[in-house]
Structure formats: C-alpha cells, structure tokens
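The values are calculated or read from the model by the stated rules, or taken from the named source; none is laboratory data. The structure presented is a predicted model; accordingly, all values stated were derived computationally and were not measured. As a convention, Cβ positions derive from the backbone with ideal geometry for all residues, glycine included, and neighbour counts pool all protein chains shown.
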Amino acid sequence: MWFRNLALYRFSTPFTLNAEQLDDQLAAKATRPIGALEPSVMGWAPPLGRESNLLVHATGRYRMICARKEEKIMPAAAVNEVLAARVQEIEDKEGRKVRGKERANLKDEVIFDMLPRAFSKSSQSFAYIDPKGEWLIVDAGTPKKAEEITSLLRETLGSLPIAPLSVATAPSAVMTGWLTVGGVPPEFNIEDECELRDPGEDGGLVRVRKHDLGSDEIRVHLDAGKLVTRLALTFDDRINFVIDEQMLVKRIKFLEVVQDAASETDAETAAERFDGDFAVMSLEIARFLPRLIEAFGGEAEAETRNAA
C-alpha cells in the first residue's frame, strides 16, 4: 500500500474517534451497488479488500480508510448523438429551433433514459488519519479528487474540522528562490523537472522535464519574471516527488532504502504485506512532513489555517 500523491489536511480540533468507533460510523455509509437510475454512488469499503470486512485498518496510531466510487459510463458522443436526433425530430415536427434551456433539459432527459442501460466502472480512493500528528492525508493528485473523499467523510461524521496545509511563505516564491539564489535545505535535492509560469493574467507556461534546472535556458525564464509553480525534489535519498504551488505532493516514489525496509517485514499474506507497507510508509511520511513544512518557512498561523 503505497500512496502516489499526498493531499495534506490539518485537523483544527483533535480527532478523538478510535478505530472501532470510526469503523462504526463509516458503516452507515458503506459502499453498495449502484442503482439503475443513479449516475454514481460512493461509499466506504474495506481497505484490505477481500482480506477483511473492517472499514478501518489501524497500524500503530495510523488509521487507513478507503472510499469506493461506482459511476455510469456515459460517452459524450453517444449522448450527443441521441440528443441531436431528438432535437431534429422536434424541429422538423414543430418548425422551430430548439435552443438554450430547452436543449439542456432534453440532454438531461437523454442521460436519464440511457442510465439503466449504461455500463459502470468503479474506483477506490485511500486516505489515512494520524490523530497524534493531526493529519488527514489523502492519496489524490488534484484538490477535486481529494474533495470527493473529504466530502464523504464529512457527510459520514457530521463534521470534519480540517483545512488544507498552509505554509508561511508562498510555495512558488520559495521554489523560485531555490532556482535563482539557491538555499534549498540540505535534506532536499532539486531534480530535473519544473513548471514555470508568468504571473500575469494570461501568462505563459513552460514545462520542463529531464533538463538541467541550473542551465542558462531556465535562467532566462526566471530573469523574465516567471515563477516556479511545480518542482521535482528528492528528500534524503528516500522519497522522490513533485510539489506544486498548492503544497500538493504528486508522483511520490519511495526509493530503494524505503522499499528494502518494507521487504524486511517477512509478510506472507496480502494482508500482512498491506500492513507492513502501510507501517513503513506512514512512518516515512511522518518523518518527511515536518522537514517539508520547515523548507517552506513553517506553517501559517492557526488563524490563517482555519480561514482556509
């Protein structure tokens, strides 16, 4: 069980539910088959899949949860084909154009009529809670994807006092400084990928991969006023990742020394491997996050975090 992304949320009040209490609450929103007329359905599923019926997998102080989403596949081309036929039928029969709201309502009717015959696909999203560290960590590559699981958790628990991680210094300013004047903390190494954006309203965007970020070419963009909005880094030769201006950690890769530690757990079953991987991963992330936050000037004041 290795996360590929880290969407980081801080609890503004202590999370007090133990694993058993949390499992009981999640059961009220457990996953179920999608209905014939439902476009999508989302609920909680066992993180261990068929290996366990528990909706919370606890390892030490950490509690893994898993949301399963099932949604109907409605290809836009198929919807538009049926919609065009219905519009044409009305226009031919009544001698007028179908426009605006009427067309939108017709499209809704088409989708509703197609739902019972549509195939569905399912996906899973994982997150874990660290009550002592006051973290909710979601494996999601975009804020929208992370919001799916945080919204479900909020709906399930009745409230969810969290805010996205907010640091004291704008991440783009920090990353730009690292490429212009240096000063990257010693535990971090800059890799060969970044994104530079002109801060203007319609500013240009430059994406660079497999390129020396200390080159004259990159310097030209920085001298022109572009800001670094995404940067590839390695932490302590243990974690490789890309971080963006929203402090979203993407494409995280746990390197050989970490993988070796996980392989030493002597797991024999899938459940044991999951538990061992989760234990190693969560400890590595707990070590990584304070250093990451420190690199970006520390956390914002509590008032700023709570207002986010």
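Among the residues that make up the stretch 196-217, is at least one of them touching a Cys at 6+ places or on another chain (Cβ under 7 Å) and not hydroxyl-bearing (Ser, Thr, Tyr)?
Yes, the conditions are met somewhere in the stretch 196-217.
Between a first residue in the stretch 267-288 that is over 18 Å from VAL242 (Cα atoms) and a second residue that is among the hydroxyl-bearing types (Ser, Thr, Tyr) and at pLDDT below 90, which pairs have beta carbons less than 6 Å apart while being 6 or more apart in sequence or on different chains?
GLY276/THR265
Can you confirm whether ASP92 is outside the structural domain of ASP244 (by TED's automatic domain parsing), acidic (Asp, Glu), closer than 30 Å to PRO290 by Cβ and not in a loop (DSSP other than H, G, I, E, B)?
The answer is no for ASP92.
Can you tell me which residue in the stretch 31-48 is farthest from PHE119 (Cα to Cα), limited to those that are exposed (fewer than 15 other Cβ atoms within 10 Å of the Cβ) and among the aliphatic types (A, V, I, L, M)?
Among those that are exposed (fewer than 15 other Cβ atoms within 10 Å of the Cβ) and among the aliphatic types (A, V, I, L, M), it is LEU37.
Restricting attention to the stretch 208-232, and to residues there that are hydrophobic (A, V, I, L, M, F, W, C) and under 11 Å from ASP192 (Cβ atoms), which single residue is surrounded by the most Cβ atoms within 10 Å (Cβ to Cβ)?
LEU231
Where in the stretch 116-185 are there strands (runs of 3 or more DSSP E), lying fully within it, with 3 or more residues that are farther than 24 Å from GLU301 by Cβ and modelled with pLDDT under 95?
In the stretch 116-185, 120-130 are the strands (runs of 3 or more DSSP E) which contain 3 or more residues that are farther than 24 Å from GLU301 by Cβ and modelled with pLDDT under 95.
Please work out if GLU217 is within 25 Å of the chain's Cα centre (by Cα) and among the charged types (D, E, K, R).
The answer is no for GLU217.
If a residue has to be crowded, with 18+ Cβ neighbours inside 10 Å and in contact with a helix residue (DSSP H, G or I) (Cβ under 8 Å, 6 or more places away or on another chain) to count, how many in the stretch 49-81 make the cut?
Count: 12.
Going through the stretch 146-159 one residue at a time, which ones are touching a residue at least 24 places away in the same chain (Cβ under 8 Å) and surrounded by 14 or more Cβ atoms within 10 Å (Cβ to Cβ)?
Answer for the stretch 146-159, where residues must be touching a residue at least 24 places away in the same chain (Cβ under 8 Å) and surrounded by 14 or more Cβ atoms within 10 Å (Cβ to Cβ): ALA146, GLU148, ILE149, THR150, LEU152, LEU153, THR156, LEU157.
Would you mind finding the one in THR265, THR234, THR269 that is hydroxyl-bearing (Ser, Thr, Tyr), over 23 Å from PRO143 (Cβ atoms) and touching a Gly at 6+ places or on another chain (Cβ under 8 Å)?
Of the residues listed, the single one that is hydroxyl-bearing (Ser, Thr, Tyr), over 23 Å from PRO143 (Cβ atoms) and touching a Gly at 6+ places or on another chain (Cβ under 8 Å) is THR265.
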